1. Those residues that are in a loop (DSSP other than H, G, I, E, B) and closer than 11 Å to residue 33 by Cα, I need them from the range 100-120; list them, please.
2. Can you spot a residue in the range 36-52 that is at pLDDT 95 or above, over 20 Å from residue 23 (Cα atoms) and surrounded by 15 or more Cβ atoms within 10 Å (Cβ to Cβ)?
3. Starting from the range 58-73, keep only residues that are closer than 17 Å to residue 32 by Cα, then list their pairs with residues that are outside any strand (DSSP E or B) whose Cβ atoms are within a distance under 7 Å, requiring at least 6 positions of separation or different chains.
C-alpha cells in the first residue's frame with residue numbers, strides 16, 4: 001500500500017511540474033529560429049510579444065510533418081496561439097542584422113524542449 005501511495009504521489013508531482021505557466025524573454029540571433037517543443041508533449045497556449053527590432057515569422061510543424069505558417073509578428077505586435085499536442089513551433093528572426101526579442105507566456109504543458117535552429 002505504501003508503494004502505491006508513493007507512486008501516486010510521485011506521478012502527481014511530476015505531472016504538476018510539466019503543466020502550468022512559463023514566462024520567458026528569449027533572444028534570437030539574426031537569421032535563426034527559436035523552436036519550442038519537439039517530440040511528445042501536451043498542448044498549450046502561447047502568448048507572444050515581439051519586443052525586438054525585426055519581424056518574427058511564426059510557423060508550426062505538425063506531427064504529420066506538415067509545416068503551417070501561423071503569423072508574422074511586426075515590431076511591438078502580440079499574438080496568441082493554441083498549440084496542439086506534439087506540434088513544434090518556430091519563431092524566426094527575419095533580420096540579417098538585429099537580434100530578435102520575444103516575450104513568451106505559455107499555459108498548459110510547459111515541459112517542452114527549446115532550442116535554436118538555422119544558420120547564422
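1. Going through the range 100-120, the residues in a loop (DSSP other than H, G, I, E, B) turn out to be 110-113, 118-120.
Answer for the range 100-120, where residues must be in a loop (DSSP other than H, G, I, E, B) and closer than 11 Å to residue 33 by Cα: 118, 119, 120.
2. no
3. From residues that are closer than 17 Å to residue 32 by Cα, the pairs are 60/87; 61/87; 72/55; 73/55.
The values are calculated or read from the model by the stated rules, or taken from the named source; none is laboratory data. None of the values given here were measured: they were computed from a predicted structure. All Cβ positions, glycine included, derive from the backbone under ideal geometry; neighbour counts span all protein chains shown.
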